[in-house]
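A short worksheet on the structure shown next.
The values are calculated or read from the model by the stated rules, or taken from the named source; none is laboratory data. As the structure is a computational prediction, the values presented were derived from the model and not from experiment. So basically every Cβ, Gly included, is an ideal-geometry build from the backbone, and we count neighbours across all protein chains shown.
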Amino acid sequence: MNTNETINKENSQVCPVCKVSINKLGQVQFSSGQMGSRARLYARVCQYVDNRDCINSDPELIGEIKASDRYSTGDNLKNTLDNTFK
């Protein structure tokens, strides 16, 4: 483990419910992919969890949830494919 990884782990909280890491800046390290925000984590996971141990339940820390924070419904891909194969 390099020094940056040690510093990052020491400055992060790990949720006992979903096991993601949230650093002091509010950046979320998901199990795969890029870092995200507390809003993205809430939109995709936390809102569906009924567990007091969730560390991402404070609306002030979560902030505004944007449409891009949610999972895509696939409509954009469907429209693109429909237009491609006309």
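Brief remarks on what is shown
- Matching residues, the range 43-56, being over 15 Å from P16 (Cα atoms) and surrounded by 18 or more Cβ atoms within 10 Å (Cβ to Cβ): A43
- Output for the range 44-59, where each listed residue is more than 16 Å from K24 (Cα to Cα), of a type in the set (D, E, K, R) and in contact with a Lys or Arg (Cβ under 9 Å, 6 or more places away or on another chain): R44
- Wholly within the range 19-86, helices (runs of 4 or more DSSP H) carrying at least 3 residues that are at pLDDT below 95: 75-84
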